[in-house]
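Asks: I have a structure I would like to understand better, so I am pasting it below and will then ask my questions one at a time.
Quick note: the coordinates plus some simple rules give every number you see, no bench work behind them. Just so you know, these numbers come straight off a predicted model, no measurement behind them. Here the Cβ is made from the backbone with ideal geometry for all residues, glycine too, and neighbour counts use every protein chain on show.
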Amino acid sequence: MSKYNYQSNKSDELIVVRSSDYQTGSVSNFNVGLQSRIIPEKDEHLEVSIHTASIPMSYYIINSTNNTYKIEANYNSVDYTANVTIPVGNPQSSTGAGTASVDIQQIVASAIQTFLTGESLPVDDTVGNIDEYTGIMDLTFSVGATIAHTLTITIDMDGNTSLQKILGLDAETSTFQLVVGDAGTDVEYSLDRIVNCGGLDTIFIHSDLSTGLSYETRISQQSDIFGQVVIDTSNFSYALIRPFESVINVKLGVGQSLQKFNLSLNDIDGNLIDLNGYDWNCVLRVRHMKPSLRDDEKIDEHGRIQSEGVIAHTPIRHR
């Protein structure tokens, strides 16, 4: 089969897609159906790519897909556990102790202390702090003077890898142990790495047009990534794909038309992105391409590239 292609004398076509036109589906996952099918000549194939895209940065760093985790404790051979929900929104990671309702270190510390107080466990106060020099979160436990047994406190992300990265945890579970000798003192533990409340650094546009044309190590298999938007802007503004920044050009089969396709917005972990009611748009470029045939090749009636000898010996089926 020939390896090269050249553009036909037809102009490029643009498909302007607005998510607002698909209110029956999700803003981040919908099917597009063109009223007029784009049809190539029988000796052409269509090449589809993302020409431009505009996506509002209206999502929340903490959202419905990553705002829960578990707190567990063991004291005097008794196990305690609770599910914790962090308020949806955009927390900050200001250095120092921060503000309880805004800064991630105090949101986490407050949840731990609420759990310990509710179970009458001997910790008087839990304070979160982000080190100004390292950017790593510290948790300080003020141990009650009445502690009589070793108290083990565990934060369990329970598969929530997104929140795990935000908090700066290397492992899914982190355990803090307070012993009898700690009674009446403050015990400090540091988490593993820098807190990251910067949000998404990239958005992937997926489409069934590009099924199998990319590979994701996350799932160790072929994927349907159609484009990537690298985020270099702040929250509540817009991220853009500009002309000639497309990740992939999708080549349809010779003679294959285009009418229906799917588009979705996902983060690096494969989660759909919630734009909080805002819409996004993109423009797809469709190019008409012709295969560069060798001297002994032709396009048969089915749009396949064949040598002239094969075509000559293939009986024509009348419909």
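Asks: Give the long-range amide H neighbours of Asp224: residues separated by 5 or more places, or on another chain, with amide H under 5 Å away, using H modelled in the peptide plane at 1.01 Å from N.
Replies: Hits under the 5 Å cutoff: Gly212.
Asks: Let me ask something additional. Using each residue's phi in the range 141-154, evaluate 6.51 cos²θ - 1.76 cosθ + 1.60 at θ = phi - 60° and report the 3J(HN,Hα) Karplus result to the nearest Hz, with x for Gly and Pro.
Replies: 9, 8, 7, x, 5, 8, 4, 10, 9, 4, 10, 10, 10, 10
Asks: Based on the mean of other beta carbon atoms within 10 Å per residue, what is the order of 218-225, 263-270, most packed first? Each step should come with its number before you reach the end.
Replies: Numbers: 218-225: 13.5, 263-270: 18.2.
Result, highest mean Cβ count within 10 Å first: 263-270, 218-225.
Asks: Under a Cβ-Cβ cut-off of 11 Å, what is the net charge of the residues other than Ile147 that fall near it, where Lys and Arg count +1 and Asp and Glu count -1?
Replies: -2
Asks: Where does the range 61-129 land on the Kirkwood hydrodynamic radius, alpha-carbon pairs, in angstrom?
Replies: 12.9
Asks: Report ³J(HN,Hα) in whole Hz for each residue of the range 219-227, in order, from the Karplus equation J = 6.51 cos²θ - 1.76 cosθ + 1.60 where θ = phi - 60°; Gly and Pro get x.
Replies: In residue order, the calculated couplings are 10, 6, 7, 4, 9, 10, 5, 10, x Hz.
Asks: Quick one: which residues, 5+ away or cross-chain, put their amide H under 5 Å from the amide H of Asn262? H built at 1.01 Å from N.
Replies: Amide H to amide H, under 5 Å and 5 or more residues apart or across chains, Asn262 pairs with Val32, Asp208, Leu209.
Asks: Tabulate in residue order the Karplus-calculated ³J(HN,Hα) for the range 118-125, using 6.51 cos²θ - 1.76 cosθ + 1.60 with θ = phi - 60°, rounded to whole Hz; enter x for Gly and Pro.
Replies: Each residue's phi maps through the Karplus curve to give x, 9, 6, 8, x, 10, 6, 7 Hz.
Asks: Hey, how many Å between the Cα centroid of the range 20-79 and the Cα centroid of the range 101-166?
Replies: 33
Asks: What translational diffusion coefficient, in µm²/s and rounded to a whole number, does the Stokes-Einstein relation yield for the range 1-142 at 25 °C and a viscosity of 0.890 mPa s, taking the hydrodynamic radius as the Kirkwood radius over Cα pairs?
Replies: 118
Asks: Next up: Points 7 angstrom from Cα along the Cβ direction at Val102 and Lys70: gap in nanometres?
Replies: About 3.4 nm separates the two model spin labels.
Asks: With each pseudo-label sitting 7 Å past Cα toward Cβ, what's the Ala171-Asp208 distance in nm, one decimal?
Replies: 4.4
Asks: Relative contact order (percent) for the range 92-161, with alpha-carbon contacts under 8 angstrom and 6 or more residues of separation?
Replies: 26
Asks: I would also like to ask the following. Over the range 118-275, what portion of Cα pair distances is larger than 29 Å, expressed as a whole percent?
Replies: 44
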